[in-house]
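*Asks:* The structure under discussion is supplied below as structure tokens; questions concerning it will follow.
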Amino acid sequence: MLENLSGRLQGVIKTLRGQARLTEDNIADAMREVRMALLEADVALPVVKDFIAQVKERAQGKEVLASLTPGQAVIEVVHQELTKLMGAENVGLNLAAVPPAVILMAGLQGSGKTTTSAKLAKLLKEQKKKVLLVSADIYRPAAIEQLKTLANSLEIDFFDSSNTQKPEDIARDVLVYAKRFFYDVLIFDTAGRLGIDEAMMAEIKALHQQLNPIETLFVVDAMQGQDAINTARAFGETLPLTGIVLTKLDGDSRGGAALSVRHVTGKPIKFIGVSEKVDGLEPFHPERMASRVLGMGDVLSLIEQAQKSVDLEEAKKLADKVKSGKNFDLEDFKAQMVQMRKMGGVGALMDKLPAQMSSGMAGKMNNEDGDKAMRRIEGIINSMTALERRKPEIIKATRKRRIAAGSGVQVQDVNRLLNQFEETQKMMKMFSKGGMGKMMRAMQGKFPGLR
Amino acid sequence: MFDFFKKDKTPSAAEAPEKVAPATWTERLKQGLSRTRSQLGNQLAGLFGGGKIDDDVYEELETILLTSDVGVAATQALLEDIKGRVQRQALSDTSQLKSALKDALMSLLAPLEQPLQTNTKQPYIIMLAGVNGAGKTTTIGKLTHLFQSEGKSVLIAAGDTFRAAAREQLQAWGERNNVHVVASEGGDPAAVIFDAVNSAKAKGIDIVLADTAGRLPTQLNLMEEIRKVQRVIDKAIPGAPHEILLVLDANTGQNAVMQVKAFDDALGVTGLVLSKLDGTAKGGVIAAIAQTRPIPIRFIGVGESIDDLRPFKASEFVEALFE
């Protein structure tokens, strides 16, 4: 995500880092690059202009010129300004209302309101809230059906509405229902509408008055272009928005719309949608995002993700085995892979690592290939019997042939896996006996550049 | 996305599209593009009001093009082109700049104007692809109407087996238009479309519209899936699908170029549909696409009612931008 913006900015940063002295000229050059990078990332032109002006002013200020490493200082300025542009810190949902706390979803057609509603409901349900979903999209065929299906699969209560009802009637009924059954949160999905469609904008305004939501979330497609600024303005003028949800950030869009929308409405980006799956909604952390844009990596999110998806018990057991160097068998090898996959696979990991690290690794393997290889290894192990997994040394030619046939690979692949496993096992034994130093010595011959 | 259905709520409106004397295509396009025009046009009117052509004018022009999503590279190319024209034709007044800009845009967009010919094969298989929320299903609705009004029989294959209620959405549409929708509970999109194609062969249907689930080009497994769909259709009828339409949201910025590249690399896209041009979006990204991957633009969606899908005409598109 955002990698093009990051890539460009990293280029700028690289050249700046090399500069011993900053002159007006090389700052201007760098800023031109930044301007292009931001424009190509679909950040709206007025926003870009403001941004450049801010950075330029600060880059020529005392703090940078007095710094020993001016290049570094400029990067710091860009980072800070970028963070400022995206909002100072993460702002969570405000649900401090007399229950039910109403969340109203608004946005253009196809921006992802319905999917986001369901994801949000799941997130809140995990926080032990009693959530009710309802849709007032009476225009698009099967829109209500879509939310209902999603609600059912997530086991979240759904208030049945039909497209013969008027949105205001749905709103009235659902409010009564939510109060009677003591729901904590009511998520109200609406139809997509254009900012210039006066009738539809009037409708959502009326809905807002009727529902008196504590949160009014504006859902924006991260792929939106320069027009994001106009759309955001139109919605911001009609509705008192309280936050923004940025969707489809898992594509290769550069997410410039985020910066524009935030700039125009002045409202915080509260969540980002990063996957088609129902748990693909993450809180938005401006500081981390700015780091990610600049290629400094988002290690904090990575750690959080690891904590969320890794089974602690299992990890501990594995760590013990690694420490003792005994009993590390193919079953554990597989468990390691599964843990890795749970964290979103190699691709998701690489995305969050600092650029220097991930670009180094990217040379050796491509994300997709990495994931594929991991799945293949899992497949091969799955084709083994329990005994084989515990004692890989018993796997000889016949067994290899059977395993290869069972997992749909060549015998060579099975061999490769066994070799790989043996290496890992050896490494671990060494680790437990002689500690780090011995292992490094053993690796000398294998990795060029290691001495 | 489907707001145009609200006009179908009243029973009489169901057959309205046939009864209402259709405004001429140019007028409709103008209506649809009115926002685009008021955005771009007003700025341009100020710019072309007369006066000397200097660097300020070029910079102003650059700003306008950039804010219309034309993109950095295409904007620079257009500016070069215009500067060349100004020099060659010895233009000196900004009012003459207008025709220079028009010409530059025309030479970029004219090659993309290639209407879709559906008479060559029977059944003619059209597959639609695009990112999530681009407007694929709406476009299918509008296309069905368009082909029916040309007197052709249409069959829809509900190939979006992933998104909740996508099938119901198409079925609701099919009922309204009296078109058979081939669908199955869950399952494999390729299988659904394969069935639809075979059924069309048996029934002598003219056109099959195959819907697919929205996917982002970064989801490589899903891109692989859609290639499989294409291969399976080719098995049902060799050479099919005859047309692979990529639906692009006019609101999309420079990412649209990436989308075109990714889908074209995976599928070999033969035509584009630009949807949602009735918003404030300017669709300037067409210019960027024309420059990097000149794929014909078959249709543009300029409004919410069923007959607001029109063949792309470069001259009218450019003309409408400037009036």
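*Asks:* Residue check: is residue A:175 open to solvent by 10 Å² or more (accessible area, probe 1.4 Å), more than 11 Å from chain B (Cβ to nearest Cβ) and in a helix (DSSP H, G or I)? Write out each step before concluding.
*Replies:* Working: open to solvent by 10 Å² or more (accessible area, probe 1.4 Å): yes; more than 11 Å from chain B (Cβ to nearest Cβ): yes; in a helix (DSSP H, G or I): yes.
Yes; evaluated as a whole, the condition is true for this residue.
*Asks:* Identify the single condition in (1) away from every other protein chain (no Cβ under 11 Å); (2) within 19 Å of residue B:75 (Cα to Cα); (3) touching a helix residue (DSSP H, G or I) at 6+ places or on another chain (Cβ under 6 Å); (4) open to solvent by less than 10 Å² (accessible area, probe 1.4 Å) that residue B:292 does not satisfy, given that it satisfies every other one.
*Replies:* Of (1) away from every other protein chain (no Cβ under 11 Å); (2) within 19 Å of residue B:75 (Cα to Cα); (3) touching a helix residue (DSSP H, G or I) at 6+ places or on another chain (Cβ under 6 Å); (4) open to solvent by less than 10 Å² (accessible area, probe 1.4 Å), only one is false for residue B:292: (4).
*Asks:* On to the next question. Identify all residues within segment A:195-211 that are open to solvent by less than 20 Å² (accessible area, probe 1.4 Å), touching a residue at least 12 places away in the same chain (Cβ under 8 Å) and not β-branched (Val, Ile, Thr); write none if there are none.
*Replies:* Pass one, segment A:195-211, residues open to solvent by less than 20 Å² (accessible area, probe 1.4 Å): A:200-201, A:204, A:207, A:211.
Add one more test, that the residue is touching a residue at least 12 places away in the same chain (Cβ under 8 Å), and what stays is A:201, A:204, A:207, A:211.
Selection gives A:201, A:207, A:211.
*Asks:* Separate question: Which is farther than 18 Å from residue A:144 by Cα and crowded, with 16+ Cβ neighbours inside 10 Å, of A:187, A:214, A:170?
*Replies:* A:214
*Asks:* Is there a residue being open to solvent by 10 Å² or more (accessible area, probe 1.4 Å), without any contact (Cβ under 8 Å) to a residue 40 or more places away in the chain and more than 13 Å from chain B (Cβ to nearest Cβ) anywhere in segment A:266-275?
*Replies:* Checked against the condition, which is being open to solvent by 10 Å² or more (accessible area, probe 1.4 Å), without any contact (Cβ under 8 Å) to a residue 40 or more places away in the chain and more than 13 Å from chain B (Cβ to nearest Cβ), segment A:266-275 yields at least one hit.
*Asks:* Looking only at segment B:104-126, count how many residues are buried (at least 16 other Cβ atoms within 10 Å of the Cβ) and free of Cβ contacts under 8 Å to residues at least 60 places away in the same chain.
*Replies:* Count: 1.
*Asks:* If you scan segment A:227-243, which residues turn out to be more than 17 Å from residue A:105 (Cβ to Cβ), open to solvent by 10 Å² or more (accessible area, probe 1.4 Å) and either part of a loop (DSSP other than H, G, I, E, B) or facing another protein chain (nearest Cβ under 8 Å) (or both)?
*Replies:* Within segment A:227-243, the first condition is being more than 17 Å from residue A:105 (Cβ to Cβ), and the residues that meet it are A:227-230, A:233, A:237.
Now narrow it down to the ones that are open to solvent by 10 Å² or more (accessible area, probe 1.4 Å): A:229-230, A:233, A:237.
If the condition is that a residue be more than 17 Å from residue A:105 (Cβ to Cβ), open to solvent by 10 Å² or more (accessible area, probe 1.4 Å) and either part of a loop (DSSP other than H, G, I, E, B) or facing another protein chain (nearest Cβ under 8 Å) (or both), then A:230 is the only one that fits.
*Asks:* Right, here's the next one. How about segment B:304-316: which of its residues are open to solvent by 10 Å² or more (accessible area, probe 1.4 Å) and either among the aliphatic types (A, V, I, L, M) or assigned to a loop (DSSP other than H, G, I, E, B) (or both)?
*Replies:* B:304, B:305, B:306, B:307, B:308, B:313, listed by residue number.
*Asks:* Moving on to the next point. List every residue pair whose Cβ atoms lie under 6 Å apart, where the two residues are 6 or more positions apart in sequence or sit on different chains, the first residue falls within segment B:156-171 and is more than 8 Å from every other protein chain (Cβ to nearest Cβ) and farther than 13 Å from residue A:142 by Cα, and the second residue, located anywhere, is open to solvent by 20 Å² or more (accessible area, probe 1.4 Å) and in a helix (DSSP H, G or I).
*Replies:* Pairs that qualify, where the first residue is more than 8 Å from every other protein chain (Cβ to nearest Cβ) and farther than 13 Å from residue A:142 by Cα and the partner is open to solvent by 20 Å² or more (accessible area, probe 1.4 Å) and in a helix (DSSP H, G or I), are B:158/B:167.
*Asks:* Is there any pair linking a residue in segment A:34-56 that is at the interface with chain B (Cβ under 10 Å from one of its Cβ atoms) and assigned to a helix (DSSP H, G or I) to one that is modelled with pLDDT under 80 and surrounded by fewer than 22 Cβ atoms within 10 Å (Cβ to Cβ), with Cβ under 6 Å and at least six apart or on different chains, and which?
*Replies:* If the second residue must be modelled with pLDDT under 80 and surrounded by fewer than 22 Cβ atoms within 10 Å (Cβ to Cβ), the pairs left are A:37/A:8.
*Asks:* Also: Look at segment B:133-170 and say how many of its residues are within 11 Å of residue B:247 (Cβ to Cβ) and modelled with pLDDT under 90.
*Replies:* 5
*Asks:* So residue A:145 fits all but one of (1) surrounded by fewer than 24 Cβ atoms within 10 Å (Cβ to Cβ); (2) of a type in the set (D, E, K, R); (3) more than 9 Å from chain B (Cβ to nearest Cβ); (4) under 26 Å from residue B:131 (Cβ atoms); what number is the exception?
*Replies:* (3)
*Asks:* Being surrounded by fewer than 16 Cβ atoms within 10 Å (Cβ to Cβ) and at pLDDT 70 or above narrows it down to one residue among A:408, A:435, A:445, A:449; which is it?
*Replies:* A:408
*Asks:* For residue B:165, only one of the following conditions fails: (1) surrounded by fewer than 23 Cβ atoms within 10 Å (Cβ to Cβ); (2) touching a Ser or Thr at 6+ places or on another chain (Cβ under 8 Å); (3) under 20 Å from residue B:306 (Cβ atoms); (4) of a type outside the set (Asp, Glu). What is its number?
*Replies:* Here residue B:165 meets the rest and fails (3).
Results for (1) crowded, with 24+ Cβ neighbours inside 10 Å; (2) more than 10 Å from chain A (Cβ to nearest Cβ); (3) more than 19 Å from residue B:66 (Cα to Cα), shown as yes or no for each residue.
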{"position": "B:249", "(1), (2), (3)": "yes, no, no"}
{"position": "B:254", "(1), (2), (3)": "yes, no, no"}
{"position": "B:258", "(1), (2), (3)": "no, no, no"}
{"position": "B:266", "(1), (2), (3)": "no, yes, yes"}
{"position": "B:271", "(1), (2), (3)": "no, yes, yes"}
{"position": "B:276", "(1), (2), (3)": "yes, no, yes"}
{"position": "B:284", "(1), (2), (3)": "yes, no, no"}
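*Asks:* Still on this model: Out of B:202, B:129, report the one residue that is surrounded by fewer than 22 Cβ atoms within 10 Å (Cβ to Cβ), away from chain A (no Cβ under 11 Å) and either part of a helix (DSSP H, G or I) or hydrophobic (A, V, I, L, M, F, W, C) (or both). If you could, list the steps in order and put the result at the bottom.
*Replies:* Details: B:129 fails: surrounded by fewer than 22 Cβ atoms within 10 Å (Cβ to Cβ).
B:202 is the lone residue from the list that is surrounded by fewer than 22 Cβ atoms within 10 Å (Cβ to Cβ), away from chain A (no Cβ under 11 Å) and either part of a helix (DSSP H, G or I) or hydrophobic (A, V, I, L, M, F, W, C) (or both).
*Asks:* Considering segment A:157-172 alone, what residues qualify as being in contact (Cβ under 8 Å) with a residue 40 or more places away in the chain and either out of contact with any Ser or Thr (no Cβ under 8 Å at 6 or more places or on another chain) or away from chain B (no Cβ under 14 Å) (or both)? Spell out how you get there, then give the answer.
*Replies:* Here is the first cut: in segment A:157-172, the residues in contact (Cβ under 8 Å) with a residue 40 or more places away in the chain are A:167-168, A:171.
A:168, A:171 - these are the residues of segment A:157-172 that are in contact (Cβ under 8 Å) with a residue 40 or more places away in the chain and either out of contact with any Ser or Thr (no Cβ under 8 Å at 6 or more places or on another chain) or away from chain B (no Cβ under 14 Å) (or both).
The values are calculated or read from the model by the stated rules, or taken from the named source; none is laboratory data. Quantities reported herein were computed from a predicted structural model and do not represent experimental measurements. Every residue, glycine among them, receives a Cβ derived from its backbone with ideal geometry; neighbour counts consider all protein chains shown. Accessible surface areas use protein heavy atoms only, side chains included; no ligands, DNA or RNA. Shrake-Rupley method; radii C 1.70, N 1.55, O 1.52, S 1.80 Å.
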